[in-house]
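Read through the structure below, which is laid out as structure tokens, and then see the notes.
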Amino acid sequence: MLAHPTRFLSCALLAVLLVTILPACSTAAQASNLHMMPMDKLPAEVQAAPASVRTAYQFAAANPDVMQKIPCYCGCGNIGHTSNYACYVSEAEPSGAFTYDNHALGCSICVDITQDVMRLLKDGKSVPEIRTYVDATYSKYGTSNMP
């Protein structure tokens, strides 16, 4: 005996909804997996900065494992920066205390690179893939501060 047509349509509709909703939930969960430094842990001048700058500082400070592998192309190698991370954090103590660098407060290239890193991580790209993208996109602005 065949199932009632209404029951079949209900099951089909449920299946379509699940196929549509589950990938969106997965993407939202992946996007929310980005670690962010709490805003109250950042200096007042960062808290007063535009949203894109604040977000970049929050992300960079909370993700040294990623950001220390990403170069910057703004010329900050001349001031001793060795990665895009250094544009935001000059020292991270074992105790968890940070000394922030104010360089990225006034540098759109630093912030743009960090925003791209965040977007590409959300898109599921690996750190080597992101590094390749950053090198290809930003090398026209100057020399990398990383080998």
Is it the case that some residue within the stretch 82-97 is exposed (fewer than 13 other Cβ atoms within 10 Å of the Cβ), at negative phi and at pLDDT 95 or above? no
Within the stretch 131-147, track down each residue that is of a type outside the set (S, T, N, Q) and in a helix (DSSP H, G or I). ARG131, TYR133, VAL134, ASP135, ALA136, TYR138, LYS140, TYR141
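Does at least one position in the stretch 87-96 carry a residue that is touching a residue at least 40 places away in the same chain (Cβ under 8 Å) and under 15 Å from the mean Cα position of the chain (by Cα)? Step through it out loud before you land on a result.
Going residue by residue through the stretch 87-96, those that are touching a residue at least 40 places away in the same chain (Cβ under 8 Å) are none.
No, there is no match, as no residue in the stretch 87-96 is touching a residue at least 40 places away in the same chain (Cβ under 8 Å) and under 15 Å from the mean Cα position of the chain (by Cα).
I need the helices (runs of 4 or more DSSP H) fully contained in the stretch 23-130, keeping only those with at least 1 residues that are hydroxyl-bearing (Ser, Thr, Tyr).
Working: elements: 44-47, 51-62, 64-67, 108-122.
Here the list reads 51-62, 108-122.
Counting only residues that are among the β-branched types (Val, Ile, Thr) and in contact with a Leu (Cβ under 9 Å, 6 or more places away or on another chain), which one in the stretch 122-133 is surrounded by the most Cβ atoms within 10 Å (Cβ to Cβ)? Steps first, answer last, please.
Residues of the stretch 122-133 among the β-branched types (Val, Ile, Thr): 127, 130, 132.
Applying the additional criterion that residues be in contact with a Leu (Cβ under 9 Å, 6 or more places away or on another chain) yields 127, 130.
Values: VAL127: 16, ILE130: 21.
Among those that are among the β-branched types (Val, Ile, Thr) and in contact with a Leu (Cβ under 9 Å, 6 or more places away or on another chain), it is ILE130.
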Flag for SER108 being polar (S, T, N, Q), assigned by TED's automatic domain parsing to the domain that holds ALA49 and over 17 Å from PRO64 (Cα atoms): yes
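The values are calculated or read from the model by the stated rules, or taken from the named source; none is laboratory data. Keep in mind that what you see is a predicted model, and the values were worked out from it rather than measured. As a convention, Cβ positions derive from the backbone with ideal geometry for all residues, glycine included, and neighbour counts pool all protein chains shown.
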